[in-house]
Amino acid sequence: MMTKTLESSGSTAATAELWPAQGLWTYDDYRRLPDDGWRYEVIRGRLCMAPAPKPRHQFSLGELYLAFRRFIDEGDLGAVLLAPIDVVLSKLATPVQPDLAFIRKQRLGLITDDLVDGPPDLIVEVLSPSNWMTDRRDKYEVYAEAGVGEYWIVDPDERKIEVFVLEEGGYRLFDQKGPGETIRSHSLDGLEVNIDDVFRIQ
């Protein structure tokens, strides 16, 4: 996700004096940001912002949400949430907005009226030209440190999905699939997703 100044986003209300320096952003600062069409996140105290996602990003995310939602509802396993949703990960991220987050039934207390207060059990991020480095590096590290048990990285350009599982504080590649194949979850036993369905629109 791009890191930019608020002034460069076209926000007329923002001046350098109104906002904290990079590295010092808090959730309270985040809540004061303008509703100007940008997607904001705060990772390790740094404000990150990106433009609205492209149609193929949203199509891929929608297909994944449907697959997850059907599986989770059938088994009464918990809740699956779509961006935009604030997820606060202690001092690591205040907040992030994962594309998709799954929270087990036993941990639904993490969901408050305003946000998800703690690490989801599974997170999915769909890469975009503006955010691929953040998803593969910054969020990859933060999600592991926060204790997110499973992390999916969806790459529309490569038509590929990678599934990482948390082991001893770091992620291990569990599964990786491309066109004509089916990807499966580690923690949601029986959940499988057809890759071609996810990337039908390019």
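Once the principal axes of the Cα atoms of segment 99-196 are found, what is the range along each, listed largest first in whole angstroms?
So the extents along the principal axes, rounded to whole Å, are 38, 32, 29.
Which one is right for this structure if Cα extents along the principal axes in Å is calculated from it: (i) 51, 50, 26; (ii) 52, 37, 30; (iii) 54, 33, 24?
Among (i) 51, 50, 26; (ii) 52, 37, 30; (iii) 54, 33, 24, the one derived from this structure is (ii).
Which one, PRO119, MET133, VAL198, is farthest towards the positive end of the dipole of segment 107-202 when Lys and Arg carry +1 and Asp and Glu -1 on their Cβ?
Farthest along the dipole direction, towards plus: VAL198.
Can you tell me what share of the DSSP beta bridges in the chain is antiparallel? A percent to the nearest 5 is fine.
80 percent
How large, in percent, is the carbon and sulfur part of the accessible surface of the chain at a probe radius of 1.4 Å?
The C+S portion of the solvent-accessible surface of the chain is 49 percent.
So which trypsin sites (Lys or Arg not before Pro) in segment 72-180 end up in coil per DSSP with only 14 or fewer other C-beta atoms within 10 Å?
Sparse-neighbourhood loop trypsin sites (Lys or Arg not before Pro): LYS91.
Using amide H atoms built 1.01 Å from N in the peptide plane, name the residues 5+ places from ALA93, or on other chains, whose amide H lies under 5 Å from its own.
So ALA93 has HN proximity to ARG44.
For segment 176-182, take each phi angle, set θ = phi - 60°, evaluate the Karplus expression 6.51 cos²θ - 1.76 cosθ + 1.60, and give the result in whole Hz per residue in order, putting x for glycine and proline.
So the J values, rounded to whole Hz, are 8, 9, x, x, x, 10, 10.
If each residue of separation counts as 0.36 nm, what is the full-extension length gain between LYS105 and ARG56 once their alpha-carbon separation is subtracted?
14.6 nm is the gain from fully extending LYS105 to ARG56.
Measuring from centroid to centroid over Cα atoms, what is the spacing of segment 151-194 and segment 63-137 in Å?
Centre-to-centre distance over Cα atoms comes out at 15 Å.
Which of GLN106, GLN176, GLN97 ends up with the largest GNM mean-square fluctuation for the chain, with Cα atoms connected below 10 Å?
Of GLN106, GLN176, GLN97, the Gaussian network model singles out GLN106 as fluctuating most.
Quick one: Karplus J couplings for segment 136-141, per residue in order, coefficients 6.51, -1.76, 1.60, θ = phi - 60°, nearest Hz, x for Gly and Pro?
Per-residue couplings from phi come out as 7, 10, 5, 5, 3, 6 Hz.
How many lysine pairs are close in the chain, with Cα atoms under 23 Å apart and the two 8 or more places apart or on different chains?
10
Any idea what log10 I(q)/I(0) is at q = 0.19, 0.21, 0.27 Å⁻¹ for segment 79-155, Debye with uniform C-alpha scatterers and no solvent?
Scattering profile of segment 79-155, log10 relative to I(0): -0.72, -0.88, -1.47.
Express in nm, to one decimal, how much length is gained between GLN22 and ASP175 on full extension, taking 0.36 nm for each residue of separation and deducting their alpha carbon distance.
Fully extending the segment from GLN22 to ASP175 adds 51.5 nm.
When the chain is treated as a GNM, springs tying every alpha-carbon pair under 10 Å, which of GLU181, GLU63, GLU74 comes out with the largest mean-square fluctuation?
Residue with maximal mean-square fluctuation among GLU181, GLU63, GLU74: GLU74.
So for segment 140-202, what are the equivalent ellipsoid semi-axes in whole Å, largest first, each being the square root of 5 times an eigenvalue of the Cα gyration tensor?
23, 13, 8
May I ask for the Rg/Rh ratio of segment 121-174, computed from Cα atoms with Rh as the Kirkwood radius, given to two decimals?
My calculation of the ratio gives 0.95.
Can you give the accessible area per residue of the chain, in Å², using a 1.4 Å probe?
Value for the chain: 49 Å² per residue.
Show that you can apply the helix-only estimate: for the chain, add -39,500 (n - 2.57) for every DSSP H stretch of four or more residues, divide by all residues, and state [θ] at 222 nm to the nearest 500.
The per-residue figure over the chain is -5500 deg cm²/dmol.
Ordering MET49, MET133 by accessible area with a probe of 1.4 Å, largest first, what comes out?
MET133, MET49
Say we join alpha carbon atoms closer than 10 Å with springs in a Gaussian network model of the chain; which of GLY75, GLY23, GLY149 then has the biggest fluctuation?
Result for the chain, Cα springs under 10 Å: GLY75 fluctuates most.
The values are calculated or read from the model by the stated rules, or taken from the named source; none is laboratory data. Worth saying up front: this structure is predicted, and the values here are computed from it rather than measured. Cβ sites come from the backbone with ideal geometry, for glycine too, and all protein chains shown count toward neighbours. When the accessible area is computed, the model is the full protein with side chains, heavy atoms only, and any ligands, DNA or RNA have been set aside. Shrake-Rupley method; radii C 1.70, N 1.55, O 1.52, S 1.80 Å.
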